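**Student:** Sharing a structure with you now.
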Amino acid sequence: MTLRLGDIAPDFEADTTEGRIRFHDWLGNSWGVLFSHPKNYTPVCTTELGYTAKLKPEFDKRKVKAIGLSVDKLEDHHGWSKDIEETQGAALNFPLIADPDKKVADLYDMIHPNASDTFTVRSVFIIDPNKKIRLQLTYPASTGRNFDEILRVIDSLQLTDQHKVATPVNWKQGEDVIIVPAVKDEDAKKLFPNGWKALKPYLRIVPQPKG
Ligand code: BEZ
């Protein structure tokens, strides 16, 4: 099944380093970041998981739960987590799904046979509190992901869910944003009473709304 933005993230049951979970129940009312990595005891994955553990305060601030996945067995996850703590200076503080039967990997199309028919690619799904998929990323095994970018997208999604704005290229929290084209100038006057800078009628820039 092809998963697309706006689809409900498929639910599943799986064993993780923090016990057996049913995904939707585990998410509760939080946002979620579900990400796969190719294989345990590999260097790039080790750095990614250590960095994700360090970002926990940032995920918590945004009410986001992170969860990783590989097609390795649960006992391998436990052994590898000691290496992550030793080499990256951060212990795993989020669950890792053990998916040796590739059930979750197949559900989320995380195995791309022309890249590898045994290992998952580096997939990322950002899931909102309504369980809708809001972002998908696919990276090759040889390229570690930029988890700061994942936080940046969450900031954009949470902001643009609240306000009639969109975020421009390379936007970061606190920078100016764009009034969405669907808002006519007469309505924009009520929403943005301090005005905006119009570079073109369709390119209207305002300070990032608060709250
Ligand atoms: C890594 O995580 O280092 C890795 C995994 C699979 C292929 C290449 C690199």
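The values are calculated or read from the model by the stated rules, or taken from the named source; none is laboratory data. Since this is a predicted model, take the numbers as computed values, not measurements. Every residue, glycine as well, gets a Cβ built from its backbone with ideal geometry; the counts of neighbours run over all protein chains shown. Note: accessible area is taken over every heavy atom of the protein model, side chains too, but ligands, DNA and RNA are not part of it. Shrake-Rupley method; radii C 1.70, N 1.55, O 1.52, S 1.80 Å.
**Student:** What distance in nm lies between label points placed 7 Å from Cα along the C-beta direction at N114 and R152?
**Tutor:** About 2.9 nm separates the two model spin labels.
**Student:** Placing unit charges on C-beta atoms (Lys and Arg positive, Asp and Glu negative, everything else neutral), compute the dipole magnitude of the chain about its Cα centre in debye, rounded to 20.
**Tutor:** Details: 29 positive and 30 negative charges, 223 e Å.
My answer is approximately 1080 debye.
**Student:** Sticking with this structure for a sec: With every protein chain kept in place and ligands, DNA and RNA left out, what is the accessible area per residue of region 1-81? Probe 1.4 Å, answer in Å².
**Tutor:** 47 Å²
**Student:** Moving to a separate point now. Quick one: angle between helix 43-54 and the longest Cα principal axis of the chain, in degrees between 0 and 90, rounded to 10, please.
**Tutor:** 60 degrees
**Student:** Also, quick follow-up: Extending each Cα 7 Å along its Cβ direction at E86 and K61, get the distance between those two points in nm, one decimal.
**Tutor:** For the pair E86/K61, the computed spacing is 3.3 nm.
**Student:** I would also like to ask the following. Arrange the peptides 197-205, 85-93 so that the one whose residues have, on average, the most other Cβ atoms within 10 Å appears first.
**Tutor:** Ranking, from highest mean packing down: 85-93, 197-205.
**Student:** Right, another one. I want to verify the translational diffusion coefficient of region 35-131 in µm²/s; compute it with Stokes-Einstein, Rh as the Kirkwood radius over Cα pairs, at 25 °C and 0.890 mPa s.
**Tutor:** Value of D from the Cα-based Kirkwood radius: 177 µm²/s.
**Student:** What list of ³J(HN,Hα) values in whole Hz, one per residue of region 84-99 in order, does the Karplus curve 6.51 cos²θ - 1.76 cosθ + 1.60 (θ = phi - 60°) give from phi, with Gly and Pro shown as x?
**Tutor:** For region 84-99, the Karplus-derived couplings read 4, 4, 5, 8, 9, x, 8, 7, 4, 10, 8, x, 10, 7, 9, 10 Hz, x marking Gly and Pro.
**Student:** Please give the calculated 222 nm ellipticity per residue for the chain, where each DSSP H segment of at least 4 residues contributes -39500 (n - 2.57) and the sum is spread over every residue; nearest 500 deg cm²/dmol?
**Tutor:** Roughly -9000 deg cm²/dmol at 222 nm, from the helical runs in the chain.
**Student:** Further, regarding this structure: Check A98: other-chain or 5+ apart residues with amide H under 5 Å from its amide H, H built from backbone geometry?
**Tutor:** Residues meeting the amide H criterion: D15, T16, T17.
**Student:** What ranking of T138, T42 comes out by heavy-atom accessible area, probe 1.4 Å, highest first?
**Tutor:** Numbers: T138 80, T42 35 Å².
Largest accessible area first, the residues go T138, T42.
**Student:** How charged is the neighbourhood of P57? Take every other residue with its Cβ under 15 Å from the Cβ of P57, and add Lys/Arg as +1 and Asp/Glu as -1.
**Tutor:** For residues surrounding P57, the net value is +2.
**Student:** Looking at the P(r) of the chain, how many percent of alpha-carbon pairs lie beyond 27 Å? Could you put the intermediate results ahead of the total?
**Tutor:** Values: 8199 of 22155 pairs.
When all Cα pairs of the chain are counted, 37 percent exceed 27 Å.
**Student:** Would you mind checking the pairs K132/K164; K63/K210; K131/K200; K131/K190; K65/K184; K54/K172 and listing those with alpha carbons more than 28 angstrom apart?
**Tutor:** In this structure, K131/K200; K131/K190; K65/K184 lie more than 28 Å apart at Cα.
**Student:** I'd like the carbon and sulfur percentage of the solvent accessible area for region 1-74, probe radius 1.4 Å, heavy atoms only, ligands and nucleic acids excluded.
**Tutor:** Details: 1810 of 3460 Å².
With neighbouring chains kept in place, the figure for region 1-74 is 52 percent.
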